[in-house]
Each structure stands twice: as C-alpha cells, then as structure tokens.
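The values are calculated or read from the model by the stated rules, or taken from the named source; none is laboratory data. These numbers come from a predicted model, not from an experiment. Neighbour counts run over all protein chains shown; Cβ positions are idealised from the backbone, glycine included.
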Amino acid sequence: MKDMPKIELHLHLEGAAPPDFVRALAAEKGMDLTGVFAPDGCYAFTDFLHFLQVYEAATATLASPGDYHRLTRAVLKERAADGVIYLEAFLSPDFCGGGDLAAWREYLAAIEEAAAIERRETGIEMRGIITPVRHFGPDQARRTAACAQETAGDFITGFGMGGDENAGKPADFAYAFDMAREAGLRLTTHAGEFAGPESVRASLRDLRVERIGHGVRAIEDPALVAELADEGITLEVCPGSNIALGLYSDWAAHPINALREAGVRVTVSTDDPPFFRTSLTREYEALSEAFRWDEDVLRSFNITAANAAFCDQATREALLKKLEPSP
Ligand code: ADE
Ligand code: ZN
C-alpha cells in the first residue's frame, strides 16, 4: 500500500507538522506547550473545537519563513515516503504573518523553495490552496483573499476555507471567494463536517465551489447526494479525521462507501495526519479492510483526485500516467 502512488488533495500544512518537529521548535524558542501533547507524545484533544485550539497552540511555534521552510520539507519528505506523488496543502496567510501581504510573500517564497527542493529529492509535486480561517471572520477572510489574489499562479492554484464550520454562514464569505475566483483560483471549502447538509448546499450556492472538504454529512440528505453526483462535485473525504473527531464510530460506519455507490466523486485524504494518527497508507489499509476494496477501487480514488486536482493539464496528464498499473 505504501508503494502505491497516491494523490492527496486535502492536508493542512501546520496540521501535518510531526509532533517531534513542533517539540524541537518549542524547545529552541523556550515555548511552553503544556496541554498540546498526550503522554505518548502525540497531539491531545477532546473534541473538534478543542482540536482547533490545540492546532493553533502548536502552530504558534511556527513564527518565521525559516520555520515554514523546515516544516514544508519535513512534511513533504514524510508524505513522499508514504507514496504520495502529488499533494495539495492548505496554506494560511493568517498563520504566516497575520494576513500582511509583504510578510505572506516571504513565507510563501520559503514554502515554495522547500517544495522545489523536495520535488528534486523525492519527486513529490505540491500545490498550495490559500485558506481563510472561518472563525477569524469575513473581514480577515477578505485580507486573506487579497493575499491570494496577489500570489495566485503556478504554485498557488486554489482557495479554500477551513476552521469552525459553525462560525457564520457561507454567504458571509462570498466576497472573499469572489475575489479568489476573479484571480483565477479554483475553489473548495470545508462543509458537511461539523454542520449538516444545509451547510453543503449553502456553500455550493453562495461560494460556488467545485470541491467540498469532507462533505460527508451530505449523506443525511439523499437529494443532496444526487445533486453532488449530477453536478460532478468532488469530495475531499478524510475518514480517519472524521473518526478521530467523533463523527463516526469506526471505519465501517463511515459514509464514504455509500457516497461512492451513489456516484459521487470521492477522493481520500488525511487532513492533519499526526493529529489523527494516520497516513494515506493507513487510510487505504483501514478502508480496504472495512469495505473489501481491491487495488482497482483505491486506484479509482487517485484517478478522481488527479482529475479534480487544482493543477495545469500537463501535470494532470503526468499524474494519470503514474497511476497506470505497472504491466
Ligand atoms: N483545520 C485543520 N483541520 C481542520 C478540519 N478538519 N476542519 C476544519 N478546519 C480544519
Ligand atoms: Zn481540513
């Protein structure tokens, strides 16, 4: 499973920071991270809102472009070793300079340089999706969209909102999404994770996204499932994340199989892998055990992901070629 080439469309850069990396950074800076780690050394949290708090506490150790350069290299190296050949990472100007454009440019240059090094060393290809954090509010989202407009290009190819899905309504963020769309960015948003089908409907209607992060709670509304299938909306499904955050009791109870059988375009990602003690290999192993999926089914997720990737056509074709079964 590790050797199988895999594509990951939904991963938060800070959320992929290995615990040892964050601990070392905190020690260098003399920062106190009490409450961030469990006794076994992994990240500790009790529910979704606490997870967001711990995420932000761990992220506070990352305070310079140099820190993000090291983080990006560590994350890409780990993902490449797990068989990931293409990764779209959520990048947040809010955490990289507080939404200031000049600062964001410096952070982004450091991230991009690290990605170029790892591409040379491991072959992994990366693109960035700029991420407003929903609970920071619509004004800050507009500042983030301005950063997105100024840095959209070959590397920054998407715009997608994360954070607390119950903070405000999608329509509050429509202006920021319009700014990103006008800059030529492709659009996604977290929805249908900690709010129900109505959140997915409102995101499609008001933000006009082509992909949905998670989207799994659409399963509670059969008409919406049919609409997702008909409209060709791609879901960035992160089953291990949903289970770790208490949305579903176990792998067999996860709706990914039902969504796939209903004809929805489904992909698999890890979200924040060390937080949820997972990797794409682990997701595939657990899913294929729960649903008796063979390698062709797993490959179909990657083909769907390649087709929905926010990348140029030449990159897409190269990815599809790498996904062909070896003779
Ligand atoms: N930020 C990092 N992980 C997230 C998740 N699973 N949902 C919303 N925002 C996030
Ligand atoms: Zn996410």
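So the values come out like this:
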{"read-out": "Residue match in the range 64-79 (condition: over 23 Å from THR188 (Cα atoms), among the acidic types (Asp, Glu) and part of a loop (DSSP other than H, G, I, E, B))", "value": "no"}
{"read-out": "Given (1) more than 16 Å from ligand 1 (Cβ to nearest atom); (2) touching a helix residue (DSSP H, G or I) at 6+ places or on another chain (Cβ under 7 Å); (3) more than 15 Å from THR189 (Cβ to Cβ), number of the condition ALA102 does not satisfy", "value": "(2)"}
{"read-out": "Scan of the range 194-205 for residues that are within 16 Å of ligand 2 (Cβ to nearest atom) and either within 20 Å of PHE310 (Cβ to Cβ) or modelled with pLDDT under 95 (or both), ordered by number", "value": "VAL200, SER203"}
{"read-out": "Options VAL133, VAL200; residue that is under 19 Å from VAL237 (Cβ atoms), in the same structural domain as ALA244 (by TED's automatic domain parsing) and crowded, with 20+ Cβ neighbours inside 10 Å", "value": "VAL200"}
{"read-out": "Test: residue in the range 56-77 that is within 16 Å of ligand 2 (Cβ to nearest atom) and modelled with pLDDT under 95", "value": "yes"}
{"read-out": "Condition met for VAL216 (within 16 Å of ligand 2 (Cβ to nearest atom) and either under 19 Å from LEU9 (Cα atoms) or buried (at least 24 other Cβ atoms within 10 Å of the Cβ) (or both))", "value": "yes"}
{"read-out": "GLY215, sole failed condition from (1) of a type outside the set (A, V, I, L, M, F, W, C); (2) within 16 Å of ligand 1 (Cβ to nearest atom); (3) touching a Lys or Arg at 6+ places or on another chain (Cβ under 9 Å)", "value": "(3)"}
{"read-out": "Matching residues, the range 228-271, being assigned to a helix (DSSP H, G or I), closer than 20 Å to ARG186 by Cα and in contact with a helix residue (DSSP H, G or I) (Cβ under 8 Å, 6 or more places away or on another chain)", "value": "LEU228, GLU231"}
{"read-out": "Options ARG265, ARG299, ARG292: the member that is over 21 Å from ALA38 (Cβ atoms), assigned by TED's automatic domain parsing to the domain that holds GLU220, of a type in the set (D, E, K, R) and crowded, with 18+ Cβ neighbours inside 10 Å", "value": "ARG265"}
{"read-out": "Members of the range 308-317 that are in contact (Cβ under 8 Å) with a residue 60 or more places away in the chain and surrounded by fewer than 18 Cβ atoms within 10 Å (Cβ to Cβ)", "value": "ASP312, THR315"}
{"read-out": "Test: ASP47 is surrounded by fewer than 20 Cβ atoms within 10 Å (Cβ to Cβ) and under 18 Å from GLY163 (Cα atoms)", "value": "yes"}
{"read-out": "Selected residue [under 30 Å from PHE21 (Cα atoms), within 22 Å of the chain's Cα centre (by Cα), more than 16 Å from ligand 1 (Cβ to nearest atom) and surrounded by fewer than 20 Cβ atoms within 10 Å (Cβ to Cβ)] from ALA305, ALA286", "value": "ALA286"}
{"read-out": "Failed item in (1) farther than 28 Å from LEU13 by Cβ; (2) free of Cβ contacts under 8 Å to residues at least 12 places away in the same chain; (3) in a helix (DSSP H, G or I), with LEU224 passing the rest", "value": "(2)"}
{"read-out": "Matching strands (runs of 3 or more DSSP E) fully within the range 110-193 where at least 1 residues are among the acidic types (Asp, Glu) and in contact (Cβ under 8 Å) with a residue 60 or more places away in the chain", "value": "125-130"}
